[in-house]
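Before any comments, here is the structure.
Values quoted throughout were computed directly from the atomic coordinates according to the rules given, and no laboratory measurement underlies them. Here the structure is a predicted model, which is why all the values come from computation and not from measurement. Backbone-built Cβ (ideal geometry, glycine too); neighbour counts: all protein chains shown.
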Amino acid sequence: MKGYYGKYGGQFVPELLMPALEELDREYEKMRSDKKFIDELDYLLRDFGGRPTPLYHAPNLSQKYGIKIYLKREDLVHGGAHKLNNALGQALLAKHMGKKRIVAETGAGQHGTATAMAAARLGMEATVYMGAKDVERQKMNVYRMELMGTEVIPVESGSKTLKDAINEAMRDWVTNVKDTHYLIGSVVGPHPYPMIVRDFQSVIGKETRQQILEKEGDLPDSIVACAGGGSNAMGIFYPFLEDDVDLFAVEAGGKELKEGPTVAYHSASLCEGKEGVLHGAHTKVLQNKDGQILESTSISAGLDYAGVGPELAYLVNIGRLKPRYITDELAVNAFNELSRKEGIIPALESSHAVGYVIENAKSGELGDTVIINLSGRGDKDLESLIKRRDENENC
Amino acid sequence: MKIADKFEELDNKNEAALITYICAGDPDIESTKDIVYALEKGGADIIELGLPFSDPVADGPIIQAASVRAIQNGMNTDSYFRLLEDIETDIPLVCMTYYNLVYARGIKDFVSDCAKSGVSGIIIPDLPVDEAGDLIRESQKKGIANIFMVTPNTPAYRIEKVSQNTTGFIYVVPRMGVTGNKSELGNSLKKQLDGIKSDKPKAVGFGISTKEQVEEAVNDGADGVIVGSALVNIIASGDNVLEKIESLTRDLKRGCLKKGIN
Ligand SMILES: Cc1ncc(COP(=O)(O)O)c(C=O)c1O
């Protein structure tokens, strides 16, 4: 069925949005094979975004952990994360659709920043909703967005994180749908979003495939990516789905893999979530027995989300994708380790993928050659990590 | 009582239906019962009882806040159905909630609990008719109405789909946006209502809070009006709630009496 991955996906949205989703689906189908559109996006990704990004052999980590570790350097994309791949694609699409304004949600502020960049470049108006808790822990990105002319609105409802920012962005969209495009930042939401975002992010996997074949003459044994909503993961995995390559999605294990009545002390929806419907899609969701959505927990704002993209839920169910998790503490260790060993400061989100590899390199599970999708750089996280360090020293 | 029968009864009296929304468990479970009785006394024809959800994307700040209060004070799906069983009334009750709560209980069980506790209809704002096949099947078995929405941007082919699948009434949203009471109806409502070719009753909701707006909607051809946020605001104020609810309801109902005069 259209818009479904097995039983996952769908369009669980208010009637107000149905015409907009149908329009988006129609226009995207037209544009995805339009040569002018493709060329324009390629050009922007290259000369504005800095693509292709390198596939870098990390020699010191490889030596220490005994397997060949490659990093796909999405941290080098303009803005500092993979988010721009999708933001440019969707903003360009929205512009072709005649939309004047963009709304978006953001967790870590990376998608908001990417949206702000795309909007400024294409001369569109942008409003970004961001949970008040995330505004606090990712201040630098708020400044960046505002500098590029984007209005940032802190969201005070619910858990004050990504989930609530999505709620608010959707409310804005239903009100202004006529001239506004909702530029969703991950492979979540109602159809056609999970497909569109995955397609725009697949540039990561396409490049990676070519690069690893050039360097190794062979495909890797495994690929590891962190998963919040799952866009950097789907982006690198998608071109490898038919290959004999093990795929690992690493979620935020937060403090521990436990749940209270209203809170999950982690954000591991693929590992721990139950079947449900959140933000327009049937997927795996952190929820209580009644179906009330739990507040998720993670040190990394970009992974702090109670849902996950429907296609990832499907790939886990059919056994193609292995869901894993890494706790806050191990993610911080990995953050420090990559900085010290390779001179690369990773985003806290990406540190979860790095953490999984260094914790499990010796188990044999990852094979001899592994590629980590280094989805972003860590500058945005320094302030909150310094605060965390000072707090730990004081107690 | 079936919703369709209620509309027929009112039609014979030349009245439009006053449909009132409150959030169950706001501010607490006990008060909800009294508020329902106050609504009934004031003249409400149908009562929508919201089962609050943690992430109500179709609702504005007023109903969001009510949902938070209700959940914090212990409202959940079990206590919702217990409350419904406790309420003694002849007027139709409609369950309004979000799809994940229905899905989590199991569609079949949810509908069957609705039937057992006297619910006449179900509205799920994040379940468009395209995804509602299972719910419609189960509801038909139990004789429960499924109410779907038509919005200003709904194209003709979707209006037809909604009209075919709606039982009870068509929920006509006269403007873009979420629930809340700070809008004007504007002069496009008549055109919107005329454009909805259907033999099902049409009730207009979202943004109606005064008797004047009720009259306007009824004059434009609405068979019913739905008022929510204005009532929830009274509950939120905590001041003389029952009295004020009853008197606003009575006032709003007066606006429903002119049907068919123009
Ligand atoms: C650097 C980085 N990586 C990963 C993520 C998580 O998103 P996704 O799972 O969609 O890739 C984010 C989100 O903000 C991010 O900023």
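Amide H neighbours of B:Lys202 under 5 Å, counting only residues 5+ apart in sequence or on other chains, H built in-plane at 1.01 Å?
So B:Lys202 has HN proximity to B:Ile170, B:Asp223, B:Gly224.
Name the aspartates and glutamates eligible as straight-distance cross-link partners of A:Lys289: C-alpha to C-alpha under 17 Å, and not fewer than 8 places from it in the same chain.
Within the straight-line limit of under 17 Å, A:Lys289 reaches these aspartates and glutamates: A:Glu259, A:Glu272, A:Glu275, B:Asp55, B:Asp78, B:Asp109, B:Asp113.
So what are the radius of gyration and Dmax for the Cα set of the stretch A:45-107, in Å?
16.5, 53
Bin width 5 Å, origin at 0, all Cα-Cα pairs of the stretch A:230-324: what percent of pairs per bin?
Calculated over all Cα pairs of the stretch A:230-324, the distribution is 3, 15, 26, 24, 18, 9, 4, 1, 0 percent.
Points 7 angstrom from Cα along the Cβ direction at A:Glu156 and A:Glu275: gap in nanometres?
Rounded to a tenth, the inter-label distance reads 4.0 nm.
Along the stretch B:76-90, what does the Karplus equation 6.51 cos²θ - 1.76 cosθ + 1.60 (θ = phi - 60°) give for ³J(HN,Hα), rounded to whole Hz, x for Gly and Pro?
8, 5, 4, 5, 4, 5, 4, 4, 4, 5, 6, 6, 9, 7, 9
Which entries of A:Lys139/A:Lys255; A:Lys160/A:Lys362; A:Lys160/B:Lys6 have Cα-Cα distances beyond 31 Å here?
Beyond 31 Å between Cα atoms: A:Lys160/A:Lys362; A:Lys160/B:Lys6.
What is the local net charge at B:Asp126, summed over the other residues whose Cβ is closer than 13 Å to its Cβ (Lys, Arg +1; Asp, Glu -1)?
Neighbourhood net charge equals -4.
Which distance in nm do the two modelled labels at A:Glu329 and A:Gln210 give, with both placed 7 Å along the Cα-to-Cβ direction?
The answer from the label model is 4.4 nm.
What percent do you get for the relative contact order of the stretch A:58-114 when only Cα pairs under 8 Å and 6+ apart count?
The value is 28 percent.
Taking the stretch B:166-215, how much of its Cα-Cα pair set, in percent, is spaced more than 13 angstrom apart?
Here the long-distance tail beyond 13 Å is 57 percent of all Cα pairs in the stretch B:166-215.
Using alpha carbons only, how many angstrom separate the centre of the stretch B:106-133 from the centre of the stretch A:158-233?
32 Å
Compute the separation of the alpha-carbon centres of the stretch B:61-78 and the stretch A:120-134 and state it in Å as a whole number.
Cα centres, the stretch B:61-78 to the stretch A:120-134: 30 Å.
Using the Kirkwood radius over C-alpha pairs as Rh, can you work out the diffusion coefficient of the stretch B:3-254 via Stokes-Einstein at 4 °C, viscosity 1.567 mPa s, in µm² per second?
In µm²/s, the coefficient rounds to 72.
Could you grab the relative contact order for the stretch A:236-395? Cα pairs under 8 Å, six or more apart, rounded to a whole percent.
20 percent
Rounded to the nearest 20 Debye, what is the dipole magnitude of chain B about its Cα centre when Lys and Arg each give +1 and Asp and Glu each give -1 at the C-beta?
The calculation lands at about 600 debye.
On a full-extension model of 0.36 nm per residue, what is the gain between A:Arg320 and A:Glu29, subtracting their alpha-carbon distance, rounded to one decimal in nm?
Gain on stretching A:Arg320 to A:Glu29: 102.1 nm.
Would you kindly calculate the mean projected area, averaged across all directions, of the convex hull enclosing the Cα atoms of the stretch B:147-262, in square nanometres?
7.3 nm²
Where the only charges are on Cβ atoms (+1 Lys, Arg; -1 Asp, Glu), what is the dipole of the stretch A:3-128 about its Cα centre, to the nearest 20 debye?
460 debye
As a test of understanding, state the convex hull volume per residue of the stretch A:277-329 from its alpha carbons, in Å³.
99 Å³
In terms of the ratio Rg/(2.2 N^0.38 Å) built on C-alpha atoms, what value belongs to the stretch B:68-189?
Normalised Rg, Cα atoms only: 1.14.
Going down the list A:Lys7/A:Lys133; B:Lys41/B:Lys211; A:Lys72/A:Lys215, which pairs span over 22 Å between their C-alpha atoms?
A:Lys7/A:Lys133, as the Cα separations exceed 22 Å there.
How fast does the stretch B:15-109 diffuse by Stokes-Einstein, in µm²/s, taking the Kirkwood radius from C-alpha pairs at 4 °C and 1.567 mPa s?
Result for D is 95 µm²/s.
What are the ³J(HN,Hα) values, in whole Hz, obtained from phi via the Karplus relation 6.51 cos²θ - 1.76 cosθ + 1.60 with θ = phi - 60°, for each residue of the stretch A:246-252 in sequence order, with x given for Gly and Pro?
With the stated coefficients, the stretch A:246-252 comes to 6, 10, 10, 9, 9, 9, 7 Hz.
Please list, in order along the stretch B:184-191, the HN-Hα scalar couplings obtained from phi with the Karplus expression 6.51 cos²θ - 1.76 cosθ + 1.60 (θ = phi - 60°), rounded to whole Hz, x for Gly and Pro.
Once θ is set to phi - 60°, the couplings for the stretch B:184-191 become 9, 6, x, 9, 9, 4, 4, 4 Hz.
How much length is gained if the chain between B:Asp130 and B:Asp239 is pulled fully straight, taking 0.36 nm per residue apart and subtracting their Cα-Cα distance, in nm to one decimal?
Full extension of this stretch gives 35.0 nm more.
Pull up the cross-link candidates among the lysines for A:Lys178, meaning alpha carbon to alpha carbon under 23 Å and not fewer than 8 places away within one chain.
A:Lys30, A:Lys95, A:Lys99, A:Lys100, B:Lys161, B:Lys182, B:Lys190, B:Lys191
Counting pairs of alpha carbon atoms under 8 Å apart in space and at least six apart in sequence, what relative contact order in percent does chain A give?
20 percent
Taking N as the number of residues in the stretch A:24-78, what value does Rg over Cα atoms divided by 2.2 N^0.38 Å take?
Here the answer is 1.71, to two decimals.
For the stretch A:159-211, what value does the Rg/Rh ratio take when both radii are computed over Cα atoms and Rh is the Kirkwood radius, given to two decimals?
1.11
If you place +1 on the Cβ of every Lys and Arg, -1 on the Cβ of every Asp and Glu, and leave all else neutral, what size is the dipole of the stretch B:40-194 about its Cα centre, to the nearest 20 Debye?
Dipole of the stretch B:40-194, to the nearest 20 debye: 300 debye.
How fast does the stretch A:163-252 diffuse by Stokes-Einstein, in µm²/s, taking the Kirkwood radius from C-alpha pairs at 10 °C and 1.306 mPa s?
D = 109 µm²/s.
For A:Met1, what charge total do you get from the other residues with a beta carbon under 11 Å from its beta carbon, if Lys and Arg give +1 and Asp and Glu give -1?
Counting the neighbours of A:Met1, the net charge comes to 0.
Using a 10 Å cut-off on Cβ to Cβ distances, tally the other chain neighbours for every residue of B:49-62 and report the average as a whole number.
Per-residue shielding by partner chains comes out at 5.
Which of rounded, prolate or oblate describes the protein assembly as shown when judged by the alpha-carbon gyration tensor and an a/c cut-off of 1.5?
Prolate, since a/c reaches 1.5 and a/b exceeds b/c.
Tell me, what is a quarter of the convex hull surface for the C-alpha atoms of the stretch A:24-155, in nm² with one decimal?
With the hull built on Cα positions only, its mean projection is 9.9 nm².
Tell me which residues come under 5 Å, amide H to amide H, from A:His57 once H is placed; ignore anything under 5 positions away on its chain.
It is A:Leu71, by chain and number.
If each DSSP helix of 4+ residues adds -39,500 (n - 2.57) and the sum is divided by the residues in the protein assembly as shown, what number results at 222 nm, nearest 500 deg cm²/dmol?
Estimated from H runs of four or more residues: -13000 deg cm²/dmol.
Taking 0.36 nm per residue of sequence separation and subtracting the Cα-Cα distance, how much length would be gained by fully extending the chain between A:Lys362 and A:Glu391, in nm to one decimal?
Roughly 7.2 nm would be gained on extension.
Which net charge results for the neighbourhood of A:Asp328, defined as the other residues with beta-carbon distances under 10 angstrom from its beta-carbon, given Lys and Arg at +1 and Asp and Glu at -1?
Within the 10 Å Cβ shell, the charges total 0.
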